[in-house]
Structures are given as structure tokens and as C-alpha cells.
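Just so it is clear, none of the values below were taken in a lab; they were calculated from the coordinates. Computed from a predicted structure; not experimentally measured. Counting neighbours? That spans all protein chains shown, and the Cβs are built from the backbone with ideal geometry, glycine included.
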């Protein structure tokens, strides 16, 4: 592997750094976007069951807030009711929407960086290709003193051009695939959070109205 990097020349090092960064971002997003950390499947039903007759006490709300991203959004509704039992349904929804935006920002963290790597890697590979082509043309100059140019410099220029092109594509394709996967995953989570918050808002509004 190191021999390939040597053959690719110095333009390969930004691509190597980009590949390490992309791998780190992919691993981090896989860990952070686990369903148990974002939107546990049964959490909303459990919350509705617990709050069937009354708003849960603050200690239970704090525990819910630490549970997951969905728990944080649902807990913001309970905290708003605790802080102001007379707040309107519109104010309750606005509070939960604000919490949802903060959660959405965290879920989308690093996705733009991954998309940037997917877009920039082919360009960095193209830059390496241009450097290799310059070396190839340099090997054919009259200063080499040989009719066929400098074979070693010619071979090195070809290696730089081809390896950098290949490395750029090898990095860009997986980065793009994982970016699209994480983007779709986050969108699905955000829809779940939005629907859950809407359901809890209607539940709390009915609860405060009484039978």
C-alpha cells in the first residue's frame, strides 16, 4: 500500500487525509444515528401511557429528556406545561418545534462535511492527474537529452496521473453513498419526531381540557 502511495506522488496525501476524515465521519454518524439514541420505537406509546391522566412529574420528565432525541422533544412539551399550565396549544407546539430544530441540527451534524468530501475528492484526484500530466510532458522536453525522453520520469508521471484519479473516485463514491444514506435516515427520523410531537401536543391539549 505504501508503495502505491509513493508511486502516486505528493498529490495523493490530501486524498489520504480526506479518506481518513470520511471514514471517521461515517463511523461517528453510524454510532450517533442509532435508533435507540434517536427515536426508540415504543417511547411515544410509553409516554402517552404514563401521561394518560396527568402530566408526569419533573424528575420523570428529566429522565425522558436524557433518554433520546425523541425524548428530548417530548420532554420539552411537558416542561412547557409545567412552566406555564395556561399556555395555548400554539405556544406548546412552538416550544416543541424549537426543541425539534435543535435536535435536527445535531442529527445533521457532519453531513455537510461528508458531502464536501464526496464532491471534492474527484477534483483532488483531477489535480493529481494534472500534476502527473505535467511530469509526463516534462519528461519529453529537449532538456532530457534523450530522443524518447526520460523513461523513469515518464513512468512516474503516468503513475501519478492514474493513481490520483483512481483514489479520488475510490473516496468519492463511498462518501456519496453514505451521505445519501445518512441524509435519508435523518429525514426519516425528523418525520418521526414531527409526528410524535404533534401527537403529544394534541394529547396534552386534551388532557388539560379534561373529560
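Overview of values
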item: Efficiency of FRET from Cβ geometry, residue 94 and residue 123, R₀ 41 Å, rounded to 0.05; result: 0.45
item: Contour minus Cα-Cα distance for residue 112 and residue 162 (0.36 nm per residue); result: 15.2 nm
item: Convex hull projection area averaged over all views, the chain, Cα basis, nm²; result: 14.6
item: The chain: relative contact order in percent, alpha carbon pairs under 8 Å with at least 6 residues between; result: 31
item: Spin-label pair residue 10/residue 188, simplified geometry with 7 Å Cα→Cβ offset, distance in nm; result: 4.6
item: 0 to 90° range, to nearest 10: angle between helix 12-32 axis and the chain longest Cα axis; result: 20
item: Helix 89-107 vs. the chain, principal-axis angle (Cα, 0 to 90°, nearest 10); result: 30
item: Inter-part distance where the stretch 96-128 and the stretch 10-55 are each reduced to a Cα centre, Å; result: 14
item: Potential extension, residue 60-residue 83 segment - 0.36 nm per residue separation minus Cα distance; result: 6.8 nm
item: Folded to 0 to 90 degrees: helix 58-67 orientation relative to the chain principal axis, Cα; result: 20
